[in-house]
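Student: Just passing along the structure, written as structure tokens.
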Amino acid sequence: MATQKTVSTTGNIVVADAMRQCRPDVMAAYPITPQTTIVEEFAAYVAQGRVHTEYITVESEHSAMSACIGASAAGARVMTATSSQGLALMWEELHIASGMRLPIIMANANRALSAPINIHCDHSDAMGARDAGWVMLFAETAQEAYDNTIMATRIGENPDVLLPVMSCLDGFITTHSIDRIDVLDDDTVAGFVGEYVPQNALLDIDQPVTHGAFSGLGGPFFEFKRAQRDAIERSREVIKSVAAEYSELSGRPFGAIETWGMEDAEVAIVVIGSTAGNTRHVARQLRAQGVKAGVVKVRVFRPFPYAELAATLSGVKAVAVMDRAESFGAEGGPLFLEVRSALYDAETRVPIVGYIYGLGGSDVRLDLIERVYADLSDIAAGTAQPGGLVYLGAR
Amino acid sequence: MAKWDISRIDEWKGDEFPLGACIPESGNSREYVTGGWRSQRPVRDSEKCTQCLICWIMCPDSAIVVVDEKVTDFKLDHCKGCGVCANECPADAITMVPEGCELPEVK
Ligand code: SF4
Ligand code: SF4
């Protein structure tokens with residue numbers, strides 16, 4: 001294991017630090033709450049000469065991602081960060097980045113989308129981009145946000161993958177709260193991520209190439225999309241092997257999902273991000289009272305870990321999926337739809353309930369999580385049936 | 001670098017497609033035949049033409065053929081029939097005629 005230093009700081013600061021340690025050639029970014037301190041801190045590193053990155057200040061997130069695409073096509077290791085409306089403004093470029101197979105690394109500080117205007121945490125921004133062809137990682141803690149940033153670099157740049165990676169952390173809860181984090185030293189991270197060896201770099205004048213051309217009328221667009229599908233499928237194994245290698249350095253294991261108490265759980269909650277911590281806390285208390293409670297945290301949302309979810313949930317009597325994002329008009333939030341789909345091929349039919357919680361930073365109190373487990377216990381005991389979608393704690 | 005071989009492009013499968021739709025060559029748009037989009041074609045009256053070369057400057061598809069500083073022809077593989085040349089010609093020497101019709105006699 002490599003030597004590590006324990007620091008006490010915020011999620012955003014350690015994400016900026018992880019980016020500095022990965023030594024990007026280019027960063028193009030625009031500030032937006034609650035992401036701003038990432039790019040602000042990074043700009044300070046550039047000004048102090050602590051990282052030799054070309055820092056491009058732009059007039060919008062649309063331009064930020066456009067500059068990232070240009071720089072990445074030119075052959076640079078490129079990073080950026082955004083949040084909420086900023087991510088929404090990048091929407092068309094998100095698809096261009098993945099379609100051009102450019103391994104851009106982006107931190108996203110999860111925040112609600114207007115209206116009404118709201119700056120607090122939910123996952124609507126990232127979930128709205130879930131079909132954009134990016135690998136998507138979600139952190140529970142500042143520590144995970146740090147670790148995910150470093151692993152993201154290796155995942156995206158792997159020659160079998162070559163896709164952009166979005167590394168998400170919960171706005172304010174994780175971005176701004178001060179936490180205890182173990183950080184690796186600069187040389188260890190530099191050695192782990194290595195040099196980025198671009199393929200088809202625009203700046204390779206000995207081998208001129210054309211990027212972003214028209215695919216032709218009736219041309220092979222369809223086949224290029226299938227190639228993208230193949231690449232994100234291949235990323236499953238790469239994510240695993242990068243995590244295995246990284247845990248040897250850091251001593252911290254990482255799975256596509258992380259489970260607590262699932263060996264014998266009868267009732268389980270599936271959740272993403274910072275709420276996983278409180279959910280485990282409640283599950284631990286319930287265990288003391290004899291309730292066989294389990295928790296499944298989803299760390300990798302794209303590619304979605306269907307097999308892992310199906311395996312861990314197959315013996316459970318009732319499952320709740322907590323979504324911090326809406327998919328208005330669908331049967332539940334984005335995570336609910338994925339988890340239910342993962343269970344479709346299970347041999348026994350597992351009762352599953354969708355909960356929407358915490359939109360726009362609305363409080364996720366422990367008693368609300370207790371209520372979810374109580375609902376599940378009733379369903380498991382056969383005294384209640386899964387009803388429709390629940391807005392957890394709404395007045 | 002060896003020229004990019006696209007002779008079998010219609011039969012390509014899986015890994016044969018270049019990464020991210022990158023074209024491993026530059027400046028090869030002349031191989032992309034766009035003339036099929038055309039619904040009308042330009043016809044030049046060489047008696048009216050003063051060889052001012054304005055059509056050659058204005059054509060958005062570089063489809064005016066110039067040999068020894070003289071307009072000689074149109075490259076119909078690339079001419080999209082936009083009519084810019086006919087509109088810009090100060091001598092009214094270019095007429096747009098519908099494709100698929102018999103061409104007027106030119107001198
Ligand atoms: S019609 Fe348009 S494309 Fe064709 S030669 Fe004239 S200007 Fe060029
Ligand atoms: S613009 Fe008209 S006159 Fe001038 S070169 Fe072209 S056809 Fe001839």
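Student: Return the residues of region A:198-220 that are surrounded by 13 or more Cβ atoms within 10 Å (Cβ to Cβ), facing chain B (nearest Cβ under 7 Å) and assigned to a loop (DSSP other than H, G, I, E, B); say none if nothing qualifies.
Tutor: To start, the set of residues in region A:198-220 that are surrounded by 13 or more Cβ atoms within 10 Å (Cβ to Cβ) comprises A:198-202, A:204, A:208-213, A:215, A:219-220.
So of that shortlist, the ones also facing chain B (nearest Cβ under 7 Å) come out as A:199-200, A:208-211, A:213, A:215, A:220.
Passing the criteria: A:199, A:200, A:208, A:209, A:211, A:213, A:215, A:220.
Student: Filter region A:378-395 down to the residues that are under 12 Å from residue A:352 (Cα atoms) and touching a residue at least 60 places away in the same chain (Cβ under 8 Å) and list them by number.
Tutor: Within region A:378-395, A:379, A:380, A:386 qualify.
Student: If you don't mind, there's one more thing I want to ask. Might you check whether a residue that is open to solvent by 10 Å² or more (accessible area, probe 1.4 Å), modelled with pLDDT of 95 or more and either touching a Pro at 6+ places or on another chain (Cβ under 7 Å) or closer than 16 Å to residue A:300 by Cα (or both) occurs anywhere in region A:83-96?
Tutor: Checked region A:83-96: no residue is open to solvent by 10 Å² or more (accessible area, probe 1.4 Å), modelled with pLDDT of 95 or more and either touching a Pro at 6+ places or on another chain (Cβ under 7 Å) or closer than 16 Å to residue A:300 by Cα (or both).
Student: Could you count how many residues in region B:37-79 are under 13 Å from residue B:94 (Cα atoms), in a loop (DSSP other than H, G, I, E, B) and more than 10 Å from ligand 2 (Cβ to nearest atom)?
Tutor: Going through region B:37-79 one residue at a time, the tally reaches 1.
Student: When the residues of region A:163-196 are filtered to those that are in contact with a Pro (Cβ under 8 Å, 6 or more places away or on another chain) and either more than 14 Å from every other protein chain (Cβ to nearest Cβ) or farther than 25 Å from residue A:301 by Cα (or both), which remaining residue is most open to solvent (accessible area, probe 1.4 Å)? Give the derivation first.
Tutor: Step one: filter region A:163-196 for residues in contact with a Pro (Cβ under 8 Å, 6 or more places away or on another chain), giving A:163-165, A:171-172, A:175-176, A:196.
Keeping just the survivors that are either more than 14 Å from every other protein chain (Cβ to nearest Cβ) or farther than 25 Å from residue A:301 by Cα (or both) gives A:165, A:171-172, A:175-176, A:196.
On the way: A:165: 0, A:171: 1, A:172: 55, A:175: 1, A:176: 77, A:196: 34 Å².
Taking the candidates together, the pick is A:176.
Student: Has region A:21-31 got at least one residue that is touching a residue at least 60 places away in the same chain (Cβ under 8 Å), open to solvent by 30 Å² or more (accessible area, probe 1.4 Å) and in contact with a strand residue (DSSP E or B) (Cβ under 6 Å, 6 or more places away or on another chain)?
Tutor: No, the conditions are met nowhere in region A:21-31.
Student: Select from region B:89-98 the residues that are out of contact with any Cys (no Cβ under 6 Å at 6 or more places or on another chain) and outside any loop (DSSP other than H, G, I, E, B) and write down the one among them that is nearest to ligand 2 (Cβ to nearest atom).
Tutor: Selected residue: B:95.
Student: Give just the number: which of (1) open to solvent by 40 Å² or more (accessible area, probe 1.4 Å); (2) more than 8 Å from every other protein chain (Cβ to nearest Cβ); (3) assigned to a loop (DSSP other than H, G, I, E, B) does residue A:234 not satisfy?
Tutor: (3)
Student: Out of B:16, B:69, B:31, B:47, which single residue is closer than 28 Å to residue A:160 by Cβ and either more than 14 Å from every other protein chain (Cβ to nearest Cβ) or surrounded by fewer than 17 Cβ atoms within 10 Å (Cβ to Cβ) (or both)?
Tutor: On the way: B:69 fails: closer than 28 Å to residue A:160 by Cβ; B:31 fails: closer than 28 Å to residue A:160 by Cβ; B:47 fails: closer than 28 Å to residue A:160 by Cβ.
Testing whether each residue is closer than 28 Å to residue A:160 by Cβ and either more than 14 Å from every other protein chain (Cβ to nearest Cβ) or surrounded by fewer than 17 Cβ atoms within 10 Å (Cβ to Cβ) (or both) leaves just B:16.
Student: For residues that are touching a helix residue (DSSP H, G or I) at 6+ places or on another chain (Cβ under 8 Å) and aliphatic (A, V, I, L, M), scanning just region B:49-62, find the one that is nearest to ligand 1 (Cβ to nearest atom).
Tutor: Only one residue tops the list, namely B:58.
The values are calculated or read from the model by the stated rules, or taken from the named source; none is laboratory data. Just so it is clear, the structure is predicted and the values come from calculations on it, not from any experiment. When we count neighbours, we look across all protein chains shown, and the Cβ atoms used for this are built from the backbone with ideal geometry, even at glycine. Keep in mind that these areas ignore ligands, DNA and RNA; they rest on the heavy atoms of the full protein, side chains included. Shrake-Rupley method; radii C 1.70, N 1.55, O 1.52, S 1.80 Å.
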